[in-house]
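Notes for the one structure printed next.
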Amino acid sequence: MHPIWYSLDINLDTLHELSKDTMSEYLGIIFTEIGPDYLKAMMPVNEKTRQPYGLLHGGASATLAETLGSVAAALVVDPRQKACVGMEINLNHIRPVREGRVHGIARPLHIGKTTQVWDIRISDDKNKLVSVSRLTVAVIDRSQVMKSPDASMLP
């Protein structure tokens, strides 16, 4: 299979560097694998990601899903010209998680010139499905989101 990524030079270290001082870093999201047509990450289930009942918070699951889908979307476009921003996310909770980690994988359903749609599946440490999500992103000109479009730090 031919990789879908704009640059084949992207690596996990670059993705982790881009996550510094963001919600992803605060929640402990770590990118774990870049495949030819997918991106994987994991997130701990701990005091930062649980709700008062002791279960993984739905907002934390949504954050992992949107992080995976948004970063994957950004890796498909020329970062000097385009940016990808979330338009809509939906998430269905399948199974609760109280401890350990959750692992997400994002795969494209549609990669277009102005929109992308990503399927994100989150599983627990035993590979049991926790949630399914669909993220739609808009592909826009970088000048719409940055005053000075400096893509030097982007993948």
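Residue under question is ALA151, and the condition is that it be surrounded by 12 or more Cβ atoms within 10 Å (Cβ to Cβ) and modelled with pLDDT under 95; does it hold? The answer is yes for ALA151. When the residues of the stretch 53-62 are narrowed to those that are part of a helix (DSSP H, G or I), touching a residue at least 24 places away in the same chain (Cβ under 8 Å) and of a type outside the set (A, V, I, L, M), which ends up surrounded by the most Cβ atoms within 10 Å (Cβ to Cβ)? That would be SER61.
Keeping to the stretch 103-131, report how many residues are in contact (Cβ under 8 Å) with a residue 40 or more places away in the chain and either open to solvent by 30 Å² or more (accessible area, probe 1.4 Å) or under 12 Å from the mean Cα position of the chain (by Cα) (or both).
10
Are any residues in the stretch 132-146 touching a residue at least 40 places away in the same chain (Cβ under 8 Å), in a helix (DSSP H, G or I) and open to solvent by 80 Å² or more (accessible area, probe 1.4 Å), and if so, which ones? Selection gives GLN144 alone.
Output the residue which, of all residues in the stretch 1-52 that are part of a strand (DSSP E or B) and without any contact (Cβ under 8 Å) to a residue 24 or more places away in the chain, is surrounded by the fewest Cβ atoms within 10 Å (Cβ to Cβ). Break it down stepwise before answering.
To start, the set of residues in the stretch 1-52 that are part of a strand (DSSP E or B) comprises 30-34, 39-44, 50.
From what is left, the residues that are without any contact (Cβ under 8 Å) to a residue 24 or more places away in the chain are 30, 33.
Details: ILE30: 17, GLU33: 12.
For the stretch 1-52, the residue satisfying everything is GLU33.
Being part of a loop (DSSP other than H, G, I, E, B), in contact (Cβ under 8 Å) with a residue 12 or more places away in the chain and among the β-branched types (Val, Ile, Thr) narrows it down to one residue among VAL71, VAL97; which is it?
When all the criteria are applied, what remains is VAL97.
The values are calculated or read from the model by the stated rules, or taken from the named source; none is laboratory data. Predicted, not measured: the structure shown is a model, and the values here were computed from it. Heads up, the Cβs are rebuilt from the backbone with ideal geometry, glycines too, and the neighbour counts pull from every protein chain shown. Side chains included, ligands, DNA and RNA excluded: accessible areas come from the protein's heavy atoms. Shrake-Rupley method; radii C 1.70, N 1.55, O 1.52, S 1.80 Å.
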